[in-house]
Each structure stands twice: as C-alpha cells, then as structure tokens.
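Everything on this sheet refers to the single structure shown next.
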RNA sequence: GCCGGAAUGGCGGAAUUGGUAGACGCGCACGACUCAAAAUCGUGUAUCGCAAGAUGUGAGAGUUCGAUUCUCUCUUCCGGCACCA
C-alpha cells in the first residue's frame, strides 16, 4: 500500500528546496536576456496588524498560477512582491502606544510575509521592496525633485525641465531679469509640476490631518466624517504641496484607449477626469466696468439667459445686473449654492428653459423662463393636446428637439438673432460663441492632487527654505531621512510633528510629509532593479523589462493608485526615464471573497477565516486550488470551508492515481491532450475555475481506465503544477525526475489527438430533443439524415407527416421540422 | 438622477460566432466496507408526475427551425459618480 498524501510532510520540504535552488530567482540582462520577458505584478499590500484573511490571497494565487505557467513556457518572468508601508493606520497605532511606527510596521510585514510564504507563491523575494526603506524612498524623493524641476509645455503637451522655461523668459520677457529671486521663484511656482499653494481642504481636527475626498464618508446626518474613525471633517484653508496632474488630464484620458483594462475601471477614470467641452463667455455688469466670466457647455442657448448665478450659501438676489452680450438684455445676478467655486469659471449663466437645475432655480425664485430653441409652434400645439397620448407624443418630439436630435432645432425663434436660425447644435455653439467674443475651452472635473500630509509617518519632502525662497535638495543629499520625534501626535494646529523637531526646522526643511500614495506610484519600476543605488533602476534594465504585462489587484484603487501611477509614469516617460507611455498594459481585478454569511470578512462581524488555519488543515495546494475553483476570478463570491474538502479529495485522488501507471490507454491519452489545450487557454484568460474542473474530469477518467501511461501522468502533473506546486513536485521526483517540475517545459497538446472519431449529437423534432445519434464528425448531411430518420423514437413521432425542413449543423445538432 | 455590472438547482458555479441547460465541486439520500464510527468506494440528486410526459436559466414581449446566449420593455441586487454648468 502506497503512502497516503500528507501535505505537512511535503510542503515545507519543497519550499526549502525552491529557495535553496533559487528556482524562482529572476535574472536581469545579460543573463536573462535570451528569453522573452514577462512581468506579472500583484498590487503590493499595506500590511495591517490584522494579517491576511482568505480573501486576500485570491489575486496572488491567480497571478502566481499565470507566472508559473509562463515560466514553464520559457519566459523570463518577473514576479515580485513588496510592501506599501507608510500610512495612517501604523501612525494612529503609534500615537496610542508610543511605539515607533517602523517597529509596528515591520511586525506587520513579518506576519504578512509568513502568511504569503506558506501558500507557496513563486515570488523572487530577493527583489522585495519596502516603501519605508531610505534606500527606496530616496528615489521617491528623487522623482518629487524631478516634478519640482519640471513644467508642462502646453504646445508639445509634455513635461520639460524648468530651466527651458527660464531660458524662454530670459529671451522673451525683458522684465524677467529685473525681477528679484523671490519674484522669479513665485512666478515659476505657477508652472512647476510640484508646487506650493493654498487650498481649502478637508480638515479633520481629531486626526489632525487633511483628508482626500475618498477618505471621507457621510456621517449619516449628511455631515462629512473621516472614513477612519468617523471623526468630523471641516473645510480649512491651508498651505499645501500640489502635483499638477491636471496638465496630464487629456493624456490620462486618451491613454485609456491603448490599454487592456476592465471597462468599468476605465469608465471610473473617465468619469473622475470629467472632461467637458464648452465656451467661456464674458458678461458685463450694468454698473461699472467689471465683468463676469461664465463657463457653459451650451453656448447655443445664450439668447435664453434670464439670470447669472455665482456661488453662495443660500439663494439670494445680489441686487446687481449683468448684460447678456448676445442681445444686450439686463439679467439679475443671483447667489446660488449649486454653483461651485472650483469648477469652470465659478459662475453660471442661467438658462431655465434648457437646463434642469436652472429651471428648478428659476421656478423657486420666480425668474423668467425664456425658450430660445424650441419653436413656439410645438409648445402651443402640445398645450392644445386633446388627450394624454397626444401630449406624450409632443413631449417626445420636444425632448428630441431640446437634445438637438431634430433638424427642427433653431428654425423658430431666437430673439434678435435670425442669423442663427436653422443651424444645427454644433454650428450654433461655434457661431454664437464667436458672435459674443467668447472662446471654446475644455474643462476637467479633476483637481490637482494635494501632495502633503501634516503627519509624521511619510516620506519627507526634500525641500528647504533658504531665506525667503524654497530650494530643492541636491541629489547627493538624498535620501532625506525621517528624523525621530518625541511624539507622533500632530500638533492639532495643522502642523506636522516634524515642526516640533528643532534641528529639522532650523535647517529649513519642509515639515509636511508625502501622502500614502507617493511610494506606491512607482514601486513596480523598482522591482526591476531593487538594489541600484545610482538610479531608481538601471537604464538597460528598464529598457529590458519595459512595463507590466499583467497587473492584478482589487478594483478599489480605480481612482487613486491606478491614476497616480499612470500620471507619474507619463511624467517619467516625458523625461526619457521609462520607454512606455503606460505602466500597466493589462489589468485584472480579483473579486472579493465574502464570508459565508454574505458580508465582508471583518473582525467586526467575527466572520474572518484565516488562511494559515486552512493551510494547516488542508494544505497549501488544496487551499490554492479551492481559491481558484471557487468561481470566476473577477467575480464576488462567498467562502465555504466545506468546499475545500472537495479540492483536498481531488488531490488525494491524483496522489493515488500514480499507482495506476502502466499500459497506455487511448481515451486517457486523448483527454490529457485536450486538457493541456484547455488549461493553457484558460490560464491565459484568467479562467482558473474551469481549469480546475477540467482537471477533475481528467482524474475521473483516469480512475475509470484500467491504467494509463507514465507519460500521460507526467504531463498531467505539469499542468497541475501551477495550481498545486508542492504535491506535483513531490510526485514528479518520486517518478524519477531530479530537477524541479517548475523548471520543466510546459507540455504541448498533440493536435492529432484532439479530434474524436465518433461524436454524439442530439436529434430534435420541432426544437425538442427526442433522441441521440452517434456519427463521425465528418459525416455527410445525407448520412446523418438517413440515420436520424431511421431512429425508432423519431419515426414514431413523425409517423406519416411530411418533413418540412431538415437542419443539420455539422457536429452540433439535428433538427427536424414537421 | 446618471454611468457600469449582475440575476441559472439546497449552495459555489458550467455552458459564446445562437445548437442536448445544470459540467465540475459541495451538500443531501441510499448502498458497500466496518463490531461501530471516520475515511474511502458505488448509485442517485432541477421541478411536477407512479409513469408516459410536461415545465424550467429574474418578469414580459420579439427575432429564429432552435434563445441562458441576440433585440425591446420592466423588476431586483451590487459597484461607481453625484448640484461639474
């Protein structure tokens, strides 16, 4: 009797073997150069004290399966892991306990690493990166300095060195050389891609920090609170550092066309960038020379303006009037809360007849509503309608006209403006804007990114105040290391704890630190060459690895990390440091695994399932297999520990099947080849769940057969190896192989064995299945017809009725219509 | 409100240029082995029906010889954005 499958005996042994032999070590050129490169990346985790639950590794296992297959297929695979380690949770914990955040963070990293290691993921740990290492954040600071030292050239639509701008000023602006250094610096600050400014921010007094919009949630009573802790959030005007991401808005938008990402993620980014095209038009005031500039996407409705709205706390008439430049009409200027300070020009022209919000506002405040696009004819006809049906008909038509879908637009009244009659909507927008001396512009919802936190646990910003100007540190002063402080608690007045370090302040260093997303915006480049002290990564190395072929992670980073990384990458590309315009060619999101109660796994609900316990009980291979089998990779699903029993049983059957190696069996041989083909395609397309099921079918077949060839069994082990790396390695060696199965060549399906000699197809009568016939896939329609009609079940149904139609879809189905 | 995505047995899910719905696994039932239990193995398992058969992929319509798959209308659930002019 063969030894039973004991995962505890096997898994540790092979993990040690792989490490000692460096099986997953990835070589840079020139050693790695002969093979095509393939970069599979997981979103690196922020290690929290709680450790991993069974939902987390799903993505890691999927990317690991792909990496392992690609390696066996002969690619030079880069598959690294690291840790995103600056951030609020560790700092909050440090404030409570007084322990240094780095101690807390390192403990959490150790826990994560151990948890990841026992799953048997094929990372090259020699390339591990941690954002908190000074050797790492030296380069985060270096990129910041490059941003500080660059501006965006609006003509070439790319970043260039600020020295080029200075040269331009020197040449073109005679006043430049007369300016003081401070004046020059203040002017340049308007162009730098990293710049100092003031901004109304979301200030959380309790946390003592500024929060991004996505770090704020509704407290329930309509008032905003922090996502972490649920503390009140208020608006405050504060000094900040910004990154000019808005310069890249257009490229961030158009770049989406060139990458293979889930459509919903692209849509979220498009939405976030929020491009809209319109016109800026100036309204004069009735009294005085002042002007109000409005932004509108519908300049064609300019003749219908009946008020102008500016931002305000409540709806209120200002007592002033503006002049409509199109027709000279006086319109009242109102304050309205729906007008937003930060968007467009901060003022809106009110056209109640053609804008829903303007309409509501006008109705509430008794303002005039003037229709300029819709011919009066249709309105009066609608009001004369005899019944609801007719009324609806007119409403439909009127809506069409308003939306510009109808050729009738502009044919009717346009006050004082017969010249614009008959134009379509696009022409009218152009012509009317031109007529009043406005200009067509493109606006974005997206704001520049605030790049400063009044916190301790982040990368120091490498700038210092010298006299009254801000100077960048030089490259050889990097890294600017984070000093020790006596208290991690923010002062509460908006100053960072660094403002309390006298040495720091005396040297004039910036006291703000970088936000959590700084280190994660470029980490994938560091993996290429993690030990390099001369550059963020060697030039040749970056040229070799290019970009990430497959990026796997959660969908929750759609507007944060995934947007910032693209921005930084485009910037580095402009400066010639990276060869590609986009960092991540293909993105795959893994779906959440919910607890069996249908809720998210959380301490709060007490429904967390720990992967360590699952690995201990069932083994890493069973665990991996189950996580892949549980459902479509990108879909939400719920955990069920009972289901893990199934994949464990499957592995035990694979184990026992070894005893049945012997005489070849043709059916097994054919199925092995079909399965090789299917698994190869499934893994490429992230269809891991059907891969597992097809291997189960194969084992079922192997058990049915009296025996099968060793060759078939070995091929099967190879395609199972990415999913169950430990057990397949054990069996591989038991069968006499001496080097790792993970270094073996991925099997190829033999085309000649993929085709069945006989197939069963259904015979339908009038669309209902009545019988089944066995035929050769190449059988002619005549033969199939004869066979089908000769079946008793069929002839009984047909009896003496005539066959109206006979349909045979080759190799698929027969349908007889009577 | 707008924009995405989804809906199939008791459960996770399978099935795509439209072609036998429910693969595979879990669970459950019965049987074998066992003094017994666990493990393992075998058989069965959409619904109604003794059966023949009928019905069935969120609801309703349509196209088709044939629809889980395509079109239209609607319902529910999940996610994103939300006075963006």
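The values are calculated or read from the model by the stated rules, or taken from the named source; none is laboratory data. As the structure is a prediction and not an experimental result, all values here were calculated from the model. No Cβ is skipped: glycine too gets one built from the backbone with ideal geometry, and neighbour counts run over all protein chains shown.
Restricting attention to the stretch A:1-24, the residues being exposed (fewer than 13 other Cβ atoms within 10 Å of the Cβ), in a loop (DSSP other than H, G, I, E, B) and touching a residue at least 40 places away in the same chain (Cβ under 8 Å) number 2. Among the residues of the stretch A:596-634, the one identified as near RNA strand B (Cβ under 9 Å from one of its atoms) and either under 18 Å from residue A:50 (Cβ atoms) or free of Cβ contacts under 8 Å to residues at least 12 places away in the same chain (or both) is A:600. Of all the residues in the stretch A:566-591, those that are outside any helix (DSSP H, G or I) and touching a strand residue (DSSP E or B) at 6+ places or on another chain (Cβ under 8 Å) number 10.
Out of all the residues in the stretch A:720-735, is one or more within 16 Å of RNA strand B (Cβ to nearest atom) and not in a loop (DSSP other than H, G, I, E, B)? Within the stretch A:720-735 (the criterion being within 16 Å of RNA strand B (Cβ to nearest atom) and not in a loop (DSSP other than H, G, I, E, B)), the answer is yes, since at least one residue qualifies. Exactly one residue among A:498, A:480 is more than 23 Å from residue A:237 (Cα to Cα) and touching a residue at least 40 places away in the same chain (Cβ under 8 Å), and that residue is A:480. Quick check on residue A:777: is it surrounded by 20 or more Cβ atoms within 10 Å (Cβ to Cβ) and either under 19 Å from residue A:671 (Cα atoms) or within 16 Å of RNA strand B (Cβ to nearest atom) (or both)? Judged against the criteria, residue A:777 is not a match.
Taking the stretch A:272-282 as the range and being surrounded by 13 or more Cβ atoms within 10 Å (Cβ to Cβ) and either farther than 17 Å from residue A:566 by Cα or within 9 Å of RNA strand B (Cβ to nearest atom) (or both) as the test, the residues that pass are A:272, A:274, A:275, A:276, A:278, A:279, A:280, A:281, A:282. Close contacts from the stretch A:635-662, counting a first residue that is more than 24 Å from residue A:709 (Cα to Cα) and without any contact (Cβ under 8 Å) to a residue 24 or more places away in the chain and a second that is near RNA strand B (Cβ under 9 Å from one of its atoms) and in a helix (DSSP H, G or I), with Cβ to Cβ under 7 Å and a gap of 6+ residues or different chains, come to A:643/A:626.
State yes or no: is residue A:669 buried (at least 23 other Cβ atoms within 10 Å of the Cβ), in a helix (DSSP H, G or I), more than 11 Å from RNA strand B (Cβ to nearest atom) and in contact (Cβ under 8 Å) with a residue 40 or more places away in the chain? When the stated conditions are applied, residue A:669 does not pass them.
Counting only residues that are more than 10 Å from RNA strand B (Cβ to nearest atom) and surrounded by fewer than 19 Cβ atoms within 10 Å (Cβ to Cβ), give me the strands (runs of 3 or more DSSP E) lying completely in the stretch A:297-361 with at least 1 of them. Output list reads A:316-323, A:330-336. Only one entry in A:740, A:707 is more than 47 Å from the chain's Cα centre (by Cα), away from RNA strand B (no atom under 14 Å from the Cβ) and within 30 Å of residue A:659 (Cβ to Cβ), namely A:707. Of the residues making up the stretch A:803-817, those that are in contact with a strand residue (DSSP E or B) (Cβ under 8 Å, 6 or more places away or on another chain), in a loop (DSSP other than H, G, I, E, B) and either free of Cβ contacts under 8 Å to residues at least 40 places away in the same chain or within 8 Å of RNA strand B (Cβ to nearest atom) (or both) are A:803, A:804, A:812. Scanning the stretch A:450-507 for residues that are in a strand (DSSP E or B) and touching a strand residue (DSSP E or B) at 6+ places or on another chain (Cβ under 7 Å) yields A:450, A:453, A:460, A:463, A:464, A:470, A:471, A:472. Determine, yes or no, whether residue A:377 is surrounded by 14 or more Cβ atoms within 10 Å (Cβ to Cβ) and either modelled with pLDDT of 65 or more or farther than 30 Å from residue A:514 by Cα (or both). When the stated conditions are applied, residue A:377 does not pass them. Of the residues making up the stretch A:29-55, those that are buried (at least 19 other Cβ atoms within 10 Å of the Cβ) and assigned to a loop (DSSP other than H, G, I, E, B) are A:43, A:44, A:45, A:46, A:47, A:52, A:53, A:54, A:55. Checked against (1) more than 17 Å from residue A:44 (Cβ to Cβ); (2) part of a loop (DSSP other than H, G, I, E, B), residue A:121 meets all criteria but (1).
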